[in-house]
Each structure stands twice: as C-alpha cells, then as structure tokens.
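The values are calculated or read from the model by the stated rules, or taken from the named source; none is laboratory data. In this text the structure is predicted, and so the values were computed from the model without any measurement. With ideal geometry, Cβ positions are generated from the backbone for all residues, glycine too; neighbour counts draw on all protein chains shown. For the accessible areas, the whole protein counts, side chains as well, though only heavy atoms, and no ligand, DNA or RNA atoms are used. Shrake-Rupley method; radii C 1.70, N 1.55, O 1.52, S 1.80 Å.
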Amino acid sequence: MNKSMRIGLLTGGGDCPGLNAVIRAVVKTAINDYGMTVIGFMDGYEGLILNRYTTLDKNSVSGILSRGGTILGTSNQANPFNFPILQNDTYVYLDRSSEVVANYERLGLDCLIAVGGDGTHAASAGLEKLGIQVVGIPKTIDNDLVGTDQTFGYDSALVTATEAIDKLHTTAQSHHRAMVVEVMGRYAGWLALGAGLAGGGDIILIPEIPYEIEVVCDQIRERNRLGKNFSIIVIGEGAKAQGGDIVIKRIVETSPDAIRLGGISYQLAAQIEGLTRLETRVTVLGHLLRGGSPTPYDRILATRFGCEAVHLAAQRKFGRIVVLKGQCVESILLEEVAGKTRKVPFDSPLIRSALSLGVSMGVTSERIEEMMTQPQTVA
Ligand code: F6P
C-alpha cells in the first residue's frame with residue numbers, strides 16, 4: 001500500500017556532521033523497505049519555496065555516510081512564513097507558505113521529512129497547520145532541542161572541541177598561561193560543559209550560570225598556589241558575567257533567529273590577565289565545530305533517526321519528531337518541540353561531576369547548591 005508513497009526530504013538550519021548519514025538512511029529505508037520515491041529539496045525550506053529539488057535514488061547517497069556537511073545544502077534564513085527578498089538594497093519579507101503547499105501538492109508528496117533545529121521545526125509545525133504532513137528529525141551541534149536526550153552532530157562537535165582543548169593544554173603548560181577556549185552552543189551550555197569535562201578544563205562557564213569574575217580568578221590563583229601555573233577555561237558563546245550581557249558578534253537581519261553570539265572570551269581573557277597577571281590567550285573554535293566527518297556515535301544516531309522517520313511516514317504518523325530517550329528512538333509531537341530551547345539543568349549530573357572534580361563553574365559552591373534547588377527558566 002505504501003509502495004507509491006512519495007516523500008520530500010530537506011535539511012535546514014546550521015549544518016552539522018551526520019546530515020549526510022541521515023539523508024542516506026532516509027533514502028535507503030524508503031526505497032528498500034517501502035519502495036517509496038524520495039525528493040530532496042535544496043538548501044532547506046528555500047528549495048521547497050523556490051521549487052529546487054532532485055530525486056534521490058540509492059546511487060545519489062552512495063559513499064556519503066562519512067562526509068560532513070549535507071549534499072542537499074541548507075539555509076538558516078529560509079523561513080516560508082517570513083522569507084527575505086532583496087529589493088532595492090533593502091530586505092522585504094514575504095509569507096510564501098502557500099507556494100510551499102502548492103509545490104508539495106504539485107509534486108504529489110505524501111509527507112515531508114524535515115531535518116533541522118528549532119527554527120526548522122517551528123516552520124514545519126506552521127506548515128502542518130496548512131495541511132503538509134511532516135515528520136521531523138532533530139540535529140544540531142548545540143544539543144539544545146527539547147524532547148530528545150541527544151541530537152546528532154553534538155558528539156562530533158564534542159570530539160573536535162576536546163581535541164582542541166587537549167592541544168591547548170600542552171602549550172598552556174609550556175608557557176604558563178591561561179587559555180580561554182570559546183565554543184558555540186547558543187544559549188545552552190551542553191558543548192562547553194561536555195568538552196570542558198572531556199578535555200579536563202579547570203573552569204567551565206556556561207550560559208545557564210552567569211559567572212563571577214572573582215570566583216574565576218580565585219580558581220586560577222589557587223591553581224598557581226598549588227604549583228599549576230596554567231589554566232584552561234572553557235566558555236560557551238552564550239555565557240555572561242553576573243550583571244553583564246551576552247556578547248553579540250553580528251545580527252543576521254534575514255535570519256529568524258537574528259542574533260549571532262561570539263566574543264565573550266576576549267572580554268573574559270582581558271579581565272583574567274588584568275586581575276591575575278597571568279598571560280592569557282583566546283581560541284574561538286567557531287564553525288570548526290560544525291565541520292568534518294561524523295563520529296561513529298553520530299553516524300549511528302543519524303541512521304536510526306532516518307530509518308525511524310521513514311517508518312513513521314509509512315505508518316502515516318505525521319506531525320511527529322523522532323527523539324532519543326535513553327537508548328530508544330521514539331517520537332513525540334512536533335508542537336512539543338517547536339520554538340523551545342533545552343538548557344543544561346542546574347542539577348545536571350555533568351555539573352555535579354565537574355564540581356566533584358574541583359572544576360569551577362564560575363560561582364561559589366554555596367551559590368551553585370542554592371541554584372540547584374531553584375526552578376529554572378526554559379526559553
Ligand atoms: O546552531 C548551530 C550554530 O552553530 C550555533 O552554535 C551558532 O551560534 C550558530 O549556529 C552560528 O550560526 P551561523 O552559521 O549563521 O554563523
């Protein structure tokens with residue numbers, strides 16, 4: 001009965017390792033298990049709006065499992081409900097959702113599988129209300145999507161960040177310096193916390209816990225007193241000092257989430273050097289974290305997500321997103337995810353482990369114990 005099903009596939013938002021693995025899994029499962037036809041849209045929702053697509057067969061996904069990026073291309077600016085068009089040097093924004101619906105219908109699609117982060121899933125949730133049958137798949141190096149224990153892309157980014165921290169350790173030690181390493185992650189500290197733990201960071205600063213500069217410097221001084229005259233500080237791009245502000249690198253006017261973070265590490269390094277007199281250097285890992293070959297973990301997770309998304313489509317279970325719960329791949333309603341951010345909980349076992357190891361989270365231990373008992377705002 002499903003033999004004639006036609007499914008669309010797109011990858012939206014910032015790229016991450018594992019996108020090609022998920023494309024391959026969707027195409028192979030759709031063809032092998034159900035004899036479906038798969039249409040791949042180029043550059044996220046832009047392809048569905050502008051009618052740019054290609055039919056994906058098994059040949060087109062051959063040899064892509066280990067490749068970073070996405071063979072379909074992606075965009076973090078193509079919102080069908082608020083699509084930017086440059087007119088006389090100024091952007092105007094148009095609701096092009098009716099064109100999406102028309103293209104979907106003209107191609108005779110039964111379902112759209114949208115791989116993306118919160119922006120992509122928010123658009124999918126809107127399109128579902130217009131009659132498009134969507135199945136979502138979560139991806140992002142930020143690991144900040146609600147409803148899933150992990151997104152693919154995160155593990156690969158962690159490996160890149162950890163390798164970088166390992167390398168910075170040796171040079172920090174040789175030169176007796178403080179090294180500030182800034183990682184992406186937007187408003188959630190998963191990458192900073194994971195990489196900080198895996199890389200043996202001495203201080204980990206995450207957006208969820210605004211830091212006190214004196215506490216940061218005390219940790220560095222204490223290490224020096226113990227003869228460890230170097231320190232590694234891992235900071236998430238969305239972190240800020242208590243009473244301070246996040247650092248905005250640029251505003252991308254045409255993006256649904258216009259703020260691009262970055263640069264807090266320079267402020268922090270200047271303060272550390274000024275207050276401790278320890279020579280301090282900055283490394284911003286930036287988009288390096290989004291590149292390269294996916295780790296085995298991400299290849300497997302992306303593959304499992306891709307297979308499950310096709311099974312959901314075949315069972316006509318639309319309006320859902322696949323998620324990881326413990327070791328199991330399940331699905332939840334798309335509307336439970338759209339527009340929300342999963343932050344690191346104050347009582348996270350990762351934070352507890354960091355504290356047990358003597359890692360500073362940038363606030364006193366009394367303050368963090370107090371925070372652990374307080375309700376946390378989730379945006
Ligand atoms: O969401 C993924 C991410 O890499 C964030 O960690 C980062 O803040 C943002 O995308 C960067 O976006 P852009 O590629 O537009 O600079």
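To keep it simple, each residue is scored yes or no on (1) within 30 Å of Ala157 (Cα to Cα); (2) open to solvent by less than 50 Å² (accessible area, probe 1.4 Å); (3) among the hydroxyl-bearing types (Ser, Thr, Tyr).
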{"position": "Thr29", "(1), (2), (3)": "yes, yes, yes"}
{"position": "Val38", "(1), (2), (3)": "yes, yes, no"}
{"position": "Thr54", "(1), (2), (3)": "yes, no, yes"}
{"position": "Asp57", "(1), (2), (3)": "yes, no, no"}
{"position": "Arg67", "(1), (2), (3)": "yes, no, no"}
{"position": "Pro80", "(1), (2), (3)": "yes, yes, no"}
{"position": "Ser97", "(1), (2), (3)": "no, yes, yes"}
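Screening Arg260 on (1) in contact with a helix residue (DSSP H, G or I) (Cβ under 9 Å, 6 or more places away or on another chain); (2) of a type in the set (D, E, K, R); (3) without any contact (Cβ under 8 Å) to a residue 24 or more places away in the chain shows it passes everything except condition (1).
Restricting segment 1-45 to residues that are over 30 Å from Gly185 (Cβ atoms) and among the charged types (D, E, K, R) leaves a set whose member that is modelled with the lowest pLDDT is Lys3. Once segment 286-311 is narrowed to residues that are surrounded by 21 or more Cβ atoms within 10 Å (Cβ to Cβ) and among the hydrophobic types (A, V, I, L, M, F, W, C), the residue that is farthest from Asp142 (Cα to Cα) is Val310. If you check Ser255, Ser265 for being hydroxyl-bearing (Ser, Thr, Tyr), under 18 Å from Ser360 (Cα atoms) and either open to solvent by 30 Å² or more (accessible area, probe 1.4 Å) or outside the structural domain of Asn76 (by TED's automatic domain parsing) (or both), only one passes: Ser265. In the set Thr162, Thr171, Thr151, only one residue is more than 19 Å from Asn79 (Cα to Cα) and out of contact with any helix residue (DSSP H, G or I) (no Cβ under 9 Å at 6 or more places or on another chain); that residue is Thr171. Here is a check on your reading of the model: is Val322 among the aliphatic types (A, V, I, L, M) and assigned by TED's automatic domain parsing to the domain that holds Gly116? Taking the combined requirement at face value, the residue satisfies it. I'd like to check something: does segment 154-162 contain any residue that is more than 16 Å from the ligand (Cβ to nearest atom), open to solvent by 10 Å² or more (accessible area, probe 1.4 Å) and more than 25 Å from Thr276 (Cα to Cα)? Checking segment 154-162: at least one residue is more than 16 Å from the ligand (Cβ to nearest atom), open to solvent by 10 Å² or more (accessible area, probe 1.4 Å) and more than 25 Å from Thr276 (Cα to Cα).
Of the helices (runs of 4 or more DSSP H) lying entirely inside segment 275-379, those containing at least 1 residues that are of a type in the set (Val, Ile, Thr) and at pLDDT 95 or above are 296-314, 349-356. Tell me which residues, restricted to segment 23-58, are within 16 Å of the ligand (Cβ to nearest atom) and either part of a helix (DSSP H, G or I) or farther than 14 Å from Asn79 by Cα (or both). If the condition is that a residue be within 16 Å of the ligand (Cβ to nearest atom) and either part of a helix (DSSP H, G or I) or farther than 14 Å from Asn79 by Cα (or both), then Tyr45, Glu46 are the ones that fit.
Here is a check on your reading of the model: is Glu330 acidic (Asp, Glu) and in contact with a strand residue (DSSP E or B) (Cβ under 7 Å, 6 or more places away or on another chain)? Yes; evaluated as a whole, the condition is true for this residue. Taking segment 116-235 as the region of interest, the helices (runs of 4 or more DSSP H) fully inside it that hold 2 or more residues being in the same structural domain as Val247 (by TED's automatic domain parsing) are 154-175, 190-198, 213-225. The residues of segment 41-52 that are surrounded by 24 or more Cβ atoms within 10 Å (Cβ to Cβ) and not aromatic (Phe, Trp, Tyr), listed by number, are Gly44, Gly47, Leu48. Taken over segment 140-153, the criterion of being open to solvent by 10 Å² or more (accessible area, probe 1.4 Å) and within 12 Å of the ligand (Cβ to nearest atom) is satisfied by Thr140, Asp142. Please determine whether any residue of segment 246-255 is within 16 Å of the ligand (Cβ to nearest atom), without any contact (Cβ under 8 Å) to a residue 60 or more places away in the chain, touching a strand residue (DSSP E or B) at 6+ places or on another chain (Cβ under 9 Å) and within 17 Å of Ser356 (Cα to Cα). No - not one qualifying residue is present in segment 246-255. Within segment 234-244, the residues that satisfy the criterion of being of a type outside the set (A, V, I, L, M) and farther than 14 Å from Arg186 by Cα are Gln242, Gly243, Gly244.
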